[in-house]
Each structure stands twice: as structure tokens, then as C-alpha cells.
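The values are calculated or read from the model by the stated rules, or taken from the named source; none is laboratory data. As the structure is a computational prediction, the values presented were derived from the model and not from experiment. When we count neighbours, we look across all protein chains shown, and the Cβ atoms used for this are built from the backbone with ideal geometry, even at glycine. Side chains are part of the model used for accessible areas, which takes the heavy atoms of the whole protein and leaves out ligands, DNA and RNA. Shrake-Rupley method; radii C 1.70, N 1.55, O 1.52, S 1.80 Å.
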Amino acid sequence: MSDQAQKLRNLIRQREGAATPLSEAAPQSNARIITVTSGKGGVGKSNFTLNFALCLLERGYRTLIIDADIGFANIDVLMGITAQTNLLHLIKGEKTISELVQTGPGGIQFIAGGSGMFDLLRLTDEETASFTNQIEELCGMADFILFDTGAGLSKETQQFIAAAQETIVVTTPEPTAITDAYALIKMVRNEDPDVTFRLVVNRATSTREAKATADKIRMVARRFLDIEIASIGHVEDDHLVSRAVKEQTPFIIAYPHSAAARSMKVLVDQFLGQPSKADLGGGMKKFLKRLIGRTH
Ligand SMILES: Nc1ncnc2c1ncn2[C@@H]1O[C@H](COP(=O)(O)OP(=O)(O)OP(=O)(O)O)[C@@H](O)[C@H]1O
Ligand SMILES: [Mg+2]
């Protein structure tokens, strides 16, 4: 373990132990922090995250999206917004967290990604303290915090998944997407046995196809990894999704009666009906501890 990592751990421990006015002031969070991932790229994670978040918001849940795709952050593009600020500004101390949260269509709140956001892993103690203070403010802001990640398993994505402890794996019915989804689950599982996985089948042409797709992954996971993976449901393959992307408007808003939107709403109800590991989550503070605590 490097000195830097040890210093960070000590810092977090101190902050947890000491009843400083700051920690007293920090709002308690029950926010469920969820990463959205996939093995194969381009399966629809970003569109799923955005429209799923909008549905949660519509049902009265305060929902925040954080674009954590460090390579190709683009959730703002899907909303037709040119993000002026991103997490990098927070890390550099140029902006406060409230200045970073932007409002998109339908009133959805989001923080845009920045390609240098993992500079956070190389901060000084002081900078880390300031960063965590700022980000803890998110705790009081949301019921759900959704991280849209890049495809595949980069070191950074793995850190986010492990820190959140709950991940939605998006796949399509294509065999290549299915095998890559399984490979991702297997890799995460090897590193972090505590992570909970949920499956979403995007671009399904029928409920039957979606179920068959999810069952394939669930079966191999049960047999070879000894885990039960719940499926949340599916989003229909629908040309209106592509049209909505071109119009830079979430499909839930642009085409609320489309097959994709209708299936998404059913999916959200199923998701909300499933038991969660929220108790285990522990909110943003634990998330940060897990994120920063395992970076070296
Ligand atoms: N349900 C759907 N029906 C039809 N087309 C879809 C659907 N979902 C996504 N797509 C198409 O797939 C494209 C890629 O979607 P998206 O950008 O959300 O994928 P991604 O997984 O986030 O990609 P990346 O891995 O590059 O981050 C969309 O632009 C759209 O054309
Ligand atoms: Mg994406």
C-alpha cells in the first residue's frame, strides 16, 4: 500500500471518528447509489440511464445522474445540453457541487463527466477532504444516484461498481452482448463478491426474447458463479429511440407512447417492487470511502 493510500484511509477514518461540526452537519443519506454498466459497448447504457432516471423522477424520487464514462462522457449530448461544468471543476476546486449539478429536460438533475475526473485518485489530503465534503452534499439531494459508466471493465469502472455495490448490467439479445455481460459479471464477482447485479435486456423484440436472454445469463451465473441475478425487465427495440437520440431529447419525453417508453415504465415499476440492498449501501459517504479507499 502506498503512503498516499494510507494517508487517505487515515483521513477518512479521522473524519468518521471525530465529531467535527462538519460531520454533524453532513446530511444523512439513504440514497441508493447504482452504477449502470455493460460488457459490450453501445448496448444502450446511456439512453437507459437517462430515461430510467426520468421515470424515477416522474414517480417522485429525487434522482441524480452522474456521467462517469471517463472516455466518452456524453449524457449531456443525449439531452441536447452543452455542459459548461463537470466533475473536474470540482476536483480542481474551481466549482462547488451545487454549481456542478445541472438541470436537464423534464427537470432531471445531472453532473456531466469530465475526462480527467480520475485525477481525484491523485489528490492531496486537503484536496480530498474538500472533495469529499463537497460530494457529501449530494447525500441530501437524492433518493437515487445513477452512475453511467463506460463499457467493459476499466480499472475506474471497477472502482465505481465496487463502491456502489449495486450495478445494473445492460445487455441486448445479441450473443456477443450476452457473453460480454457474463464476462463482466464474472470479473466483478471475482474482485468483489458483495456487489449485487441486476439485468436489463435492451432492444428486445418481445417479452419472450427478453426473458430468454436474461435466463441465459442468470443460468450460467447460477451454475458457474453461484449467484442469483435478478432481472429488472426489458426495453423494446424501437426505432424511435434512435430518432430521439438524433433530436437530443430523451425518448420518454419525445415519444412517451412509444414501445420503448411503455416497456421502460413497466421496467421501472418492476425495479421499484424489488427488494434493495439500500441498507448495505450507506450512501455517498460509504461510497466515497470504498472508492478512495481502494484506489491503490
Ligand atoms: N431500445 C432501443 N431501441 C433501438 N435502438 C436503441 C435502443 N437503445 C439504444 N439504441 C441505439 O443504440 C445507440 C447507442 O446507445 P447508447 O449511447 O445509450 O449506448 P451505450 O451503451 O451508452 O454506448 P457506450 O458503450 O458507447 O457508452 C443509440 O444511439 C440508439 O441508436
Ligand atoms: Mg454511453
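Those residues that are modelled with pLDDT under 70 and either open to solvent by less than 30 Å² (accessible area, probe 1.4 Å) or within 16 Å of ligand 1 (Cβ to nearest atom) (or both), I need them from region 24-41; list them, please. Ala26, Ser29 - these are the residues of region 24-41 that are modelled with pLDDT under 70 and either open to solvent by less than 30 Å² (accessible area, probe 1.4 Å) or within 16 Å of ligand 1 (Cβ to nearest atom) (or both). Listed by first and then second residue, the pairs linking a residue in region 209-221 that is touching a residue at least 40 places away in the same chain (Cβ under 8 Å) and under 9 Å from Thr171 (Cβ atoms) to a residue that is open to solvent by 60 Å² or more (accessible area, probe 1.4 Å) and assigned to a helix (DSSP H, G or I), with Cβ atoms under 7 Å apart and 6 or more places separating them unless they lie on different chains, form an empty list.
All conditions but one from (1) in contact with a helix residue (DSSP H, G or I) (Cβ under 7 Å, 6 or more places away or on another chain); (2) within 14 Å of ligand 1 (Cβ to nearest atom) apply to Gly44; the one that does not is (1). Among the residues of region 147-161, is there at least one that is within 15 Å of ligand 1 (Cβ to nearest atom) and part of a strand (DSSP E or B)? Taking every residue of region 147-161 in turn, at least one turns out to be within 15 Å of ligand 1 (Cβ to nearest atom) and part of a strand (DSSP E or B).
When region 192-214 is limited to residues that are open to solvent by 60 Å² or more (accessible area, probe 1.4 Å) and charged (D, E, K, R), the one that is nearest to ligand 2 (Cβ to nearest atom) turns out to be Arg203.
Within the set Arg189, Arg243, Arg218, the sole residue that is open to solvent by 90 Å² or more (accessible area, probe 1.4 Å) and not in a loop (DSSP other than H, G, I, E, B) turns out to be Arg243.
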